[in-house]
Structure formats: C-alpha cells, structure tokens
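S.K.: Got a structure for you, written out below as structure tokens; questions coming shortly.
The values are calculated or read from the model by the stated rules, or taken from the named source; none is laboratory data. This structure is a prediction, so every number in the text was calculated from the model and none was measured. FYI the Cβ positions are ideal-geometry reconstructions off the backbone, even for glycines, and counts take in every protein chain you see. What goes into the accessible areas is simple: the full protein's heavy atoms, side chains included, and nothing from ligands, DNA or RNA. Shrake-Rupley method; radii C 1.70, N 1.55, O 1.52, S 1.80 Å.
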Amino acid sequence: MKINSSQLPTLSQIISSLFILIASSENVLAAPQNQDQQIPYAKPVKSRSNVKPAATSQHHAQEDVSSQETAGQSATGLSKDILYKLTASDIALQRGEWQAPFVTIMSLAQQTRDPRLAKRAVEIAMSAQQIDESMAAVRLWRELDANSQEADQTYLSLMVIKNDYPALEKFFLGLLKTSSTESRSDIIYQAQRSLSRTREQKTALLSLEKILADDATTMPGHIALSRAAYRSGDIERAQQEAKAALALDPSSELGILTLAHATEKTAAFALIANFLKQYPRAKEVRLAYATMLVESKQLELAKNEFLGFLQAPDQSSLSRNQILYTLGSIEMEMGQLDVAENYFKELISRLSSEDDASSAYISMAQIALQRKDKQTADLWLSKVPFDDGKNPAWFNIQMRRALLLASDKKFLEARQFLQTVTASKDIEQAQLLQTEAQIMRDAGQTTEAFVLLQMALGEFPQSTDLIYDYAMLAESLKFYPEMEMALKQLIQIAPNNAFAYNALGYSYADRNLQLDEALTLIEAANQLSPNDPYILDSLGWVKYRLKQYPDAEQFLRRSLSMRQDADVSVHLAEVLWAQSKKDEAMQLFTAAHKKDPQNSLLKDTLQRLELTLP
C-alpha cells in the first residue's frame, strides 16, 4: 500500500516517551548548562518576550573589533593598514571568498594579539565548513583569551565534530583537575554528553573511562558510564552502572530513571512503579510514570496522574499551563471533546500577549474537525500568529487551511488562498506547489496537476516530497515509465526513504510484474521502517502474487490489526478467498463496503472475482 494521506498529530506525537524524558532529565537533575530546555512532551507555550533576532550571518569585521571590549583587556588601536585589511576582507567575504580573508584575519590576530580577531577567524572558517582552519583559529583564540568560556565551548564542539577522542580526554581531564567539588559532577555529565555526539560510541565509552579514572565509583561517574554503555550497545554494563549508582543512593531519581532507560519497557514500568511506592514524592519519576501510562494507552490512569499534578503543583516540575495542555490532549485522545475543549480554553485564557498559543489553537482546531465543523477549525487555525516569520508552525498551518477549503469542494478559493501565502525559503515554495497540485488533483484536474508537478520539479529537482507526489500521480495516470523513473531517482537521492522502496515494489506487485524485484524492494522498505502497516500490506500483497498464501495472510492480518483500512481488508479478503476461506472473506468484503462504499479497489476486486455483496 502506498502512503499519500496526511494525518493529524496523535497523542503519542504530542506526549513523548519515557526514554525521551530520561534524556531530558539530565537537564533537570544534572545539567545546568541546558536549563532552558523544556520537558519535551509538554510544550503548549513559548514566551516571545525573551526571543532575540538571530545575528546576521555576515558581520562587518571592523565593527566587530572596534565595538567590543574583551574582559581585562584594552581595545587594540587600529592603524590605517589594519582598517584597510579588515575592510578588504569583509568585501571579499561578501563576494563569497573565504581563504584570503581567513589568512588576513589570522595574521592580524597574531600580530595584534587581539582575541576578537581570532574569534572572527573561527567564524570565517566555520562558515566555510573548514574544520582544520577552524581548529587552528580556535587554538589561537584560546591562547589569547585563556578565560573565554565561549572559546572553550567552540573548541569542544570542533573536537566532537573531528571525533578527536585523545583531545577530548585531555580537555576534560584538565577541567576535572582544576574543578571545585561543586562543579565536578557537571563536568562529568558534560563529558558524557559530548562523547555521546561522536561517531564511535564504543570508543567514546573507553575515553569516558579514562576521563573518569578517579570518579568511576561516584554517583555521577556511575550515571555517566551507564549512559555511555547504553549508547555503545552494552546493555548489561549500563544496568550494572545504574544499579551501582542506586546502591550509593537508593532514593536517587536520576539513578532509577537511568536504570529504567537501560531496561526493557515492561520491566522499566515495574521499576518505576516500585520506586514510587517507596518515594511517592519523587517528582521526575512520577512524571515518567505518567508518561509511561500514556504510552501504554492507559489513558484513564494517566489522566489521574496529571490531575494530581494539577491539584498539587508542588508535586510536579511542570507548569500549570503544561499540565492543562497535556490533560486536554489526553481527553481529546479519549474522545472527551467537551472536557478537552475546556482545558484548552482555560489554557488560552491564561496566556499573555507575550506567549505563543499556537499549540492550543491547533488543538482546538483538531477538536472542531472531529466534530466535523470545518469553519470553526479554520477560525482557530487563523489565530496561529505569523510572528514576523519566527513561528515555524505558521506556514504549515496555511497549507492545512487551503486543504480544508478544498475538502469542502471550494477548490478555486483554496488556490486563491494559496496565492496570499508568501514562502520565505525554497522548501516552503516547493510545499506551496505540492499543496496546489494536491488541490488540483482533488478537483479532478489530474493532468493539470501532473504538469504543475513537472514544472515544480524543474525548479526544485531535489525535493523528495515533490518527486514522490509526482510518481504517485504518474501511476494514477498509468504513466508507469515516468513513475518508475521518479521513484528510482528518489531512492538514489534518499536511500533511506522507506516509502520510495515500498511504492515501487507495490506498483510492481499490483501489476503482477517483476515480483522478485518487488519483494526485494518491499523487504528493504520493511527493514527501514519495521511494522509500518502500509508496508506490511505491501508485503502481504506481493506474497499473494507469489502464491505464498499463508505468509500473505499473516502480513495482512498484522497490517489490519494496526490500521483498520478498507484496502487492507480487501487484500486480506482476496487472500482468504484464494484459500477457500470464503465466509470470512465475504465478511471482510462487506465490512470494507460499509467503511468505504466507493472504494475503487473493492469494486475492481468484486468484479474480477464475479462476486456480489448481500
């Protein structure tokens, strides 16, 4: 089965899993460097009051040097020669050159001993993605300003990019050697996080062991080693280290969350539940427990936990707004739309003009859509602020509003609405064209939509979404050579795109062509995206074409259990019919007809099998 439809976000997309929570718990319990990071599943509100506009990509070098003072140093006097070189370098950078400006700025930094020039050289090299030159410049920067935390952080980032394990070891050993007792745990956790971003995680674990030679038996040491071991694939070691941490402090929330992270989900659930019996006031662990209840679809129990947070705010690290948003999401998932609406309305009423209410507005629109009230849904979506182009949700919301108009057969209005939306970057312009083509296709203007996508690909030939839509439209028009060429191109551009392999393989299977190749393609898709119901449907269908009926039935039953889809029901019914399981087959055909009376696959299949539904 091919995937063409867009879907509203589910609760699981709104509320993250326990394991994301555990990663974020580093920030709450052990990583003050990232204190501004929010709990990942409760993000209804973002304040705009502290948002600063991004710095421009090109600074005028002479302004950068002359307008800033380095702590403890006086500004270096700028001679006419230096000013000339700075100006010439800035002009060269604006022309897209980097080498000559870099050499000039590095030379001036060495000549004047001004760390601001060394920093500027780093910026030039990094903008040009020249790692070696960046390292040379940042070493000079650190030499000229030994107390610069920014220089140290830049140096650390470059070492991570270079996967320079010996340098990372030396860096963190140096920090630990001069650290205070209070800052030591922070350095340990920073070392683990930095190494976790490198390429070879087994090597990263070995490096961390060297860094923690004097700290391996401390609580932070055990926690850091557990995380590193988990990332390296050594689950047994990860569990041992986490248990050692808990042996030092049985009440450690970070310890139990780290152990749960390294444990299979069912066992992790039991660990968390038992911990809460002993330590019922453990805020972060209770939050993890509530999240696990959501993930396991125990929504009534999850709701009770979050209601407890609402009634006793001191028992949770979440704000009231975050709790209201999460409760609204749970109630919406449970189908309690009126209750969910009340939560979201209370949330909106609490927000100031400095807060971003986009998530709440979108949730209210989802409630309206579930009530089949498209006009109200559009009204809520229209409230999502543009915010001078800083709201990343705004553009996608406008595409959704256009599609809502089209779903009411207001195709001309939908296309006219798209003309009022301005794209600020190429990816958005491609999405505009893609959405317009979808509206034209829905209006029955299939050939015109195909031509539009051809033109769009001429402008954006590397857009994977445009290529995929073009291929699917080509197939619907029976332009099979164009479809195959597009999907093969997509596989070349995006070799990890499971949908491309699946679509090409399914097309072969559906046309009963090149079945061995079809099976290879669909199996590749299944490896990239295991347990996807659409891909499982394709696997079942190609197995049917290969007359491997038991396997076909197994895959199709799995697909149908995950997604009640009329096409899958029809495929499974035909497989059962071929195995003389005719009663169950007719039940499935009938169920598919009730679900989608106009389903073209059902009509074609019944006609081909010469069947009439009762």
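S.K.: Would you calculate, for the chain, the mean residue ellipticity at 222 nm contributed by helices, counting each DSSP H stretch of 4 or more residues as -39,500 (n - 2.57) and dividing by all residues, to the nearest 500? Write out the running numbers ahead of the final one.
M.R.: Values: 34 runs with 429 residues, N = 614.
Taking each H run of at least 4 residues, the total per residue is -22000 deg cm²/dmol.
S.K.: Give me the accessible area of THR520, 1.4 Å probe, in Å² rounded to the nearest 10.
M.R.: 90
S.K.: In whole angstrom, note down how far apart the Cα centers of the range 214-280 and the range 91-167 are.
M.R.: A separation of 40 Å, based on Cα centres.
S.K.: Spelling out what I want: for every residue of the range 437-442, take phi, set θ = phi - 60°, compute 6.51 cos²θ - 1.76 cosθ + 1.60 (Karplus), and round to whole Hz; glycine and proline get x.
M.R.: Whole-Hz 3J(HN,Hα) from phi for the range 437-442: 4, 5, 5, 5, 5, 5.
S.K.: Sticking with this structure for a sec: In square angstrom, what is the accessible area per residue of the chain with a 1.4 angstrom probe?
M.R.: On the way: 30620 Å² over 614 residues.
Per-residue value: 50 Å².
S.K.: Follow-up question, since we're still on this one. Given that just one value was derived from the coordinates, which of [x] 135, 70, 45; [y] 97, 73, 45; [z] 91, 64, 54 is Cα extents along the principal axes in Å?
M.R.: [z]
S.K.: Next question, about the same structure. What part of the accessible area of the chain, given as a whole %, is carbon or sulfur when the probe is 1.4 angstrom? Write out the running numbers ahead of the final one.
M.R.: Working: 15110 of 30620 Å².
The C+S portion of the solvent-accessible surface of the chain is 49 percent.
S.K.: How would the range 402-480 be classified by its alpha-carbon gyration tensor: rounded, prolate or oblate, with rounded meaning a/c under 1.5 and the a/b versus b/c comparison settling the rest?
M.R.: It comes out oblate by the Cα gyration axes.
S.K.: For the range 365-391 and the range 469-517, write down the distance between their C-alpha centroids in whole Å.
M.R.: That distance is 35 Å.
S.K.: In addition: Which loop GluC sites (Glu not before Pro) in the range 560-614, with loop taken from DSSP, have no more than 12 other Cβ atoms within 10 angstrom of their Cβ? Mind dumping the intermediate values first?
M.R.: Details: sites: GLU574, GLU584, GLU610; in loops: GLU610.
The qualifying sites are GLU610.
S.K.: Separate question: Could you report the accessible area of VAL384 in Å², rounded to 10, computed with a 1.4 Å probe on the protein chains as they sit in the structure?
M.R.: 0
S.K.: While we're on this one: Tell me which GluC sites (Glu not before Pro) from the range 173-262 have a DSSP coil assignment and no more than 10 other beta carbons within 10 Å of their own. Could the numbers behind the result be given before it?
M.R.: Working: sites: GLU182, GLU200, GLU209, GLU236, GLU241, GLU253; in loops: GLU200.
Loop-located and lightly packed - none at all.
S.K.: Something else about it: Can you list which of the chymotrypsin sites (Phe, Trp or Tyr not before Pro) found in the range 386-475 are DSSP loop residues with at most 14 other C-beta atoms within 10 Å?
M.R.: Numbers: sites: PHE386, TRP394, PHE395, PHE411, PHE417, PHE450, TYR468, TYR470; in loops: PHE386.
Here the chymotrypsin sites (Phe, Trp or Tyr not before Pro) that fit, given the DSSP loop and packing criteria, are PHE386.
S.K.: Charges at C-beta only: +1 for Lys and Arg, -1 for Asp and Glu. How large is the resulting dipole of the chain about its Cα centre, in Debye rounded to 20? If you can, show how the numbers build up before the last one.
M.R.: On the way: 64 positive and 76 negative charges, 115 e Å.
Using only the charged Cβ atoms, the result is roughly 560 debye.
S.K.: If the limit is 32 Å between Cα atoms, which of LYS409/LYS594; LYS210/LYS283; LYS478/LYS547; LYS177/LYS202; LYS345/LYS409; LYS170/LYS243 go over it? List each step's numbers first, then the result.
M.R.: Values: LYS409/LYS594 24 Å; LYS210/LYS283 34 Å; LYS478/LYS547 25 Å; LYS177/LYS202 25 Å; LYS345/LYS409 30 Å; LYS170/LYS243 29 Å.
Those over the limit are LYS210/LYS283.
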